[in-house]
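The values are calculated or read from the model by the stated rules, or taken from the named source; none is laboratory data. Computed from a predicted model, the values in this text were never measured in an experiment. Ideal geometry is used to build each Cβ from the backbone, glycine not excepted, and the neighbour counts take in all protein chains shown. The area values use the complete protein model at the heavy-atom level, side chains included, leaving out ligands, DNA and RNA. Shrake-Rupley method; radii C 1.70, N 1.55, O 1.52, S 1.80 Å.
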Amino acid sequence: MAKDNDTPQKKPRFSSWWIYGLIAIFLIAFQFFGSDNLASTKKTTTSELQEYLRNGDITKILIITNINQAKVFLSDEALAKDVHKDVSEKPLFPSTGSVPQYVLDYGDLQIFQNEITEIKKENNLDTIVEFDKESNVFMELLLSILPFVLIIGIWIYLMRRMSGGAGGGAGGQIFNIGKSKAKLFDEKTDTRTSFKDVAGLEGAKEEVEEIVEFLKHPDKYTSLGGKIPKGALLVGPPGTGKTLLAKAVAGEAKVPFFSLSGSDFVEMFVGVGASRVRDLFKQAKDKSPAIIFIDEIDAIGRARGKNNFTGSNDERENTLNQLLTEMDGFGTNTNVIVLAATNRADVLDKALMRAGRFDRQIYVDLPDIRERKEIFEVHLRPIKTSETLDLDFLARQTPGFSGADIANVCNEAALIAARKEKKAVGKQDFLDAVDRIVGGLEKKNKIITPEEKKTIAYHEAGHATVSWMLEHAAPLVKVTIVPRGQSLGSAWYLPEERLIVRPEQMQDEMCATLGGRAAEKVIFNKISTGALSDLEKVTKQARAMVTIYGLNDEIGNLTYYDSSGQNEYGFTKPYSEDTAQVIDQEISKLIEEQYIRAIDVLKKNKDKLIALAERLLEKEVIFKEDLVKIFGSRPFEKEFDQKGQEIVSTEKLTPEESTEENN
């Protein structure tokens, strides 16, 4: 059968490891065959050596002093004897010098030498005794060059591992350390996330959906003279779904999607970051239209020239400069859209934020009550829940939770239900999960003295009483004196979700926060260290009122807050020492006013405070219904529907009805 000579035959790739293997075999064989290892040399003992010496069989003894070994050479007459038959045969691979017939390992050199001298004198022998040192030129040479051989071998191995196809063509690179680490999303093999999996975030989702639409139907927009945006920056707190939106874009877009992190550009070698940026955009342009997603872009996008005290060239700045050039510079391809995500937009370089690079800044905020319900619906799909579970209730119980927090609540609730061997996850499991995440793990076995427990009970009852009696304080949900996490007791509130906050609202919240220490003062006429977190909270609130929001009459309508995060004053404060004294005085004045106010509220309701603390000591955990039985309904309490509209109701909830609802 004739061969097809026109078909090019692929040449077998020659591996350099064959050369290393052959060299190693040659060196081992040379050392093995070039020595006396295969000579018919036999080991003997001291007694046998003395006997051979007395019989006159030995012509020469060569003593190797540095290895305590003696080589024994026999005469021709001795080799003819039967006793030396085993060593009379010539070696298969004779060495260049004479070959000893016997080898002896001796102990002390002086004793061994004296024994040989005495036997020679007694038998009048002319046996030659010589002294020498073992010297293997080849082994010494091998040991001297072995470290260099190992270093060269490791270097060649690393070069081959980092090789980008060296020898495979003129376009092959020597190293691929400068190549991009971006992962190319494959819709056929990778897990696919769609916009249906993204709950809430309606405005942000609409923006990114439009970007996908740009790439799918560009003529729809370019026919009117519009241009496809070059980039979109997703900004928002951690856990709000920025990366999830990017995954949804990867799942929905029918174009190549390159995904990587900002830290993937960072390397210890000079020029590697800029090289990876060039390689990334080269790959994207080759596959255009394409999308590049850079997560945590603040790793390379920080403002240049900040905190550079050494004055040296910054590798991160070189990487950023290359990114700026690729996004909007000479030779820029408009068919590549860059998506980026960060929760530190205040530290990004202004050149990166300008229009033409990131044309759109999409703010991904924490979800409101309606969006939290939608997020619960998404994360509860794989979970077996009870039929009576109210998602509106779960959404109300998780104010300020991000999408990641809600996912954690759902998972924790499922684990709690499984621990209790339930068939479905119920309402109480979700409440326990919220408590576990917000407050920490319960520590019922923590040793607390009765006096400490009483102090904690009155402290928490003070919080509950003041918050119940003030109009703008957050309504109470639950109070407990069971240690949880690092706290000895805690109170859960359901804060009103406000877009703007007024001074009286902040003052009521500060007063409720100081209610714990005020209760200790009213009941025991003593205070303790248990109010540390409370004092930290009110101090921050008071400082914000004075220095940030301009809500203080003495300071006036001034703010010392820098939203850009770039303090142009350096390490100095943006106000004088006199102003600093006024600020400190006003902060202290605000806090002391609310502390005195809390004491007044508790003195007027001291009997109710005592009743609430006694019930808390008895039950350890009390709910809103317990406060209703003691204080009655709050006259100024308002209820809102899902759209934020106030629900006007003339009926008041009785204690019996509220207890049934809680159960």
### Task
If a/c stays under 1.5 just call it rounded; otherwise compare a/b with b/c (prolate if a/b is bigger, oblate if not). Do that for region 499-625, with a ≥ b ≥ c from the square roots of the Cα gyration tensor eigenvalues.
prolate
#### Entry: For region 327-396: Kirkwood Rh in Å [reciprocal of mean 1/r, alpha carbons]
16.0
### Message
If you build the convex hull over the alpha carbons only and average its shadow over all orientations, what do you get for region 463-559? Give it in nm² to one decimal.
### Response
7.4
### Task
Quick one: of LYS606/LYS629; LYS384/LYS427; LYS443/LYS606; LYS43/LYS85; LYS443/LYS478; LYS603/LYS624, which pairs are farther than 20 Å apart, Cα to Cα?
LYS443/LYS606; LYS603/LYS624
### In range of the label at ILE610: residues from region 433-462 whose backbone nitrogen is under 17 Å from the point 7 Å along Cα→Cβ
454-455, 457-459, 461-462
### Query
Ordering ARG396, ARG372 by how much accessible area each has at a 1.4 Å probe, largest first, what is the list?
ARG396, ARG372
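Would you mind getting me the FRET efficiency between LEU391 and SER528? Use the beta-carbon distance for r and R0 = 56 Å, nearest 0.05.
Here the calculated transfer efficiency is 0.85.
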### Task
Could you work out the per residue convex hull volume over the alpha carbons of region 355-464, in cubic angstrom?
181
### Sorted peptide list for 454-461, 505-512, 412-419, 430-437, criterion being average Cβ within 10 angstrom, highest first
454-461, 505-512, 430-437, 412-419
#### Entry: Estimated inter-spin distance, LEU499 and ASP600, nm [label 7 Å along Cα→Cβ]
3.4
### Query
Which distance in nm do the two modelled labels at GLU451 and ASN68 give, with both placed 7 Å along the Cα-to-Cβ direction?
7.6
### Task
Excluding residues fewer than 8 places away in the same chain, name every one of the aspartates and glutamates whose C-alpha is closer than 17 Å to that of LYS196.
GLU187, GLU206, GLU207, GLU209, GLU210, GLU213, GLU252, GLU371, GLU374, GLU377
### Query
How many percent of Cα pairs in region 226-265 exceed 13 Å?
67
### Task
Kindly report the accessible area of region 474-615 per residue (heavy atoms of protein chains, probe 1.4 Å, no ligands, DNA or RNA), in Å².
58
### Estimated FRET transfer efficiency (VAL266, SER588; beta-carbon r; R0 51 Å; 0.05)
0.65
### Summary
Full extension between THR579 and LYS287 adds, at 0.36 nm per residue less the Cα distance, a length in nm of 99.2 nm
